[in-house]
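Taking it in order: structure first as C-alpha cells, then the write-up.
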Ligand SMILES: Cc1cc2nc3c(=O)[nH]c(=O)nc-3n(C[C@H](O)[C@H](O)[C@H](O)COP(=O)(O)O)c2cc1C
C-alpha cells in the first residue's frame, strides 16, 4: 500500500502527531509513505495566470513542486491532508497548494486515478473550527473525484502536542482506531453527486464551441465524451 501525507504546516505540533498516529495505524509493514510539509515542499503563491486551466499545468511557473505532489498522490491508495485550524480556516500554505490543483477539479481535467482513492482530512484546534477545516479539505478532494473522504477533527485544548491532556489523547486514539478499522481503501464507488457533476461537464465538453479547448481535448482523449468513464 502507498500513502501520501500532505501536512498543511511545517512544524511537528498536535496536527502532525494526530496524523502520525493515523499513519501508524494504517501503514502495514510493507506500506510506503510519502510525506510533504508546507510551505517547504509546496508551490509559491498562485500567480493567477490561468495557464494551468486554459493551457497546461506543466507550464505553471511553480509546476515542479506541484507535479511532485500530484505524482505522489497518483501512485497512492490513501491521501491524508492535514492542517491546524487558523482563524477558523485551513492554513494559508495549504490553500496555496489547493489553488494550484484547481485545474484537476471535475469541472476541468480530473485525473481518473482519483476516482479510486480514499482521502482523509485531519485538523486540530484549541477550541473550535476544526470541523470546518476538515469540511473544506474534504470539499477539495471531492472535486478532484475522490469518492470517500474520512474527516478527523479534534479540539485539543492546547497550543502544542505537549499540552494535550491524557483524556484528549485517549479520545483521539480511540477515534483513529475506529476509523482505521472501518476504512475500506480502494473499495468506494463514486458518489451520485460526483456522477451527476461528471455528466454535466461531459455535456458541456461536448458542445462544439467550448470556452476551454484544453479541457475539451482532455475529455475527448480520455474517451469521456463517448462511453468511457473515469471509474470502474
Ligand atoms: C494563527 C493561529 C490561529 C488560530 N486560530 C484558532 C481558531 O480560530 N480557533 C481555535 O480554537 N484555535 C485556534 N488556534 C489554535 C490552534 O488551532 C490549535 O492550537 C491547534 O491544535 C494547533 O495545531 P498544531 O499544534 O498542529 O499547530 C490558532 C492558532 C494559531 C497559531
Inset, instruction - Kindly provide the pair-distance distribution of region 109-188 built from C-alpha pairs, with 5 Å bins from 0 and whole-percent values in order of increasing distance. - result: 3, 15, 21, 20, 17, 11, 8, 4, 1, 0
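Quick check: convex hull over the Cα atoms of region 61-125, volume per residue in Å³, rounded to an integer? Before the final figure, lay out each step's value.
Numbers: hull volume 6.3 nm³, N = 65.
Per-residue hull volume (Cα only) is 97 Å³.
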Inset, instruction - Calculate the spin-label point distance for residue 182 paired with residue 202, positioning each point 7 Å from the Cα along the beta-carbon direction, and give it in nanometres. - result: 3.1
Legend entry - Cα long-axis angle, helix 166-182 against the chain (0 to 90 degrees, to the nearest 10): 40
Inset, instruction - Would you mind computing Rg(Cα) / (2.2 N^0.38 Å) for region 16-116, counting N as its residues? - result: 1.15
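Based on the Cα gyration tensor of region 144-232, what are the three equivalent ellipsoid semi-axes, each the root of five times an eigenvalue, rounded to whole Å and given largest first?
Numbers: eigenvalues 372, 52, 17 Å².
Three semi-axes, in Å: 43, 16, 9.
Using just the helices of the chain, give the 222 nm mean residue ellipticity in deg cm²/dmol: DSSP H runs with n ≥ 4 each add -39,500 (n - 2.57), and the total is spread over all residues, rounded to 500. Walk me through the numbers before you get to the answer.
Numbers: 8 runs with 93 residues, N = 232.
Using -39500 (n - 2.57) per qualifying helix, the result is -12500 deg cm²/dmol.
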Inset, instruction - Enter the angle in degrees (range 0 to 90, nearest 10) between the Cα long axis of helix 130-144 and the first principal axis of the Cα atoms of the chain, meaning the one along which they spread out most. - result: 30
Inset, instruction - Kindly provide log₁₀ I(q)/I(0) values, in the same order as q = 0.09, 0.13, 0.17 Å⁻¹, from the Debye equation applied to equal alpha-carbon scatterers of region 2-188. - result: -0.30, -0.64, -1.09
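Values in this text are rule-based calculations from the coordinates and carry no lab data. Computed from a prediction, not measured in an experiment: that's the story for all the values here. Cβ coordinates were reconstructed from backbone atoms using ideal geometry, including for glycine residues, and neighbour counts include every protein chain displayed.
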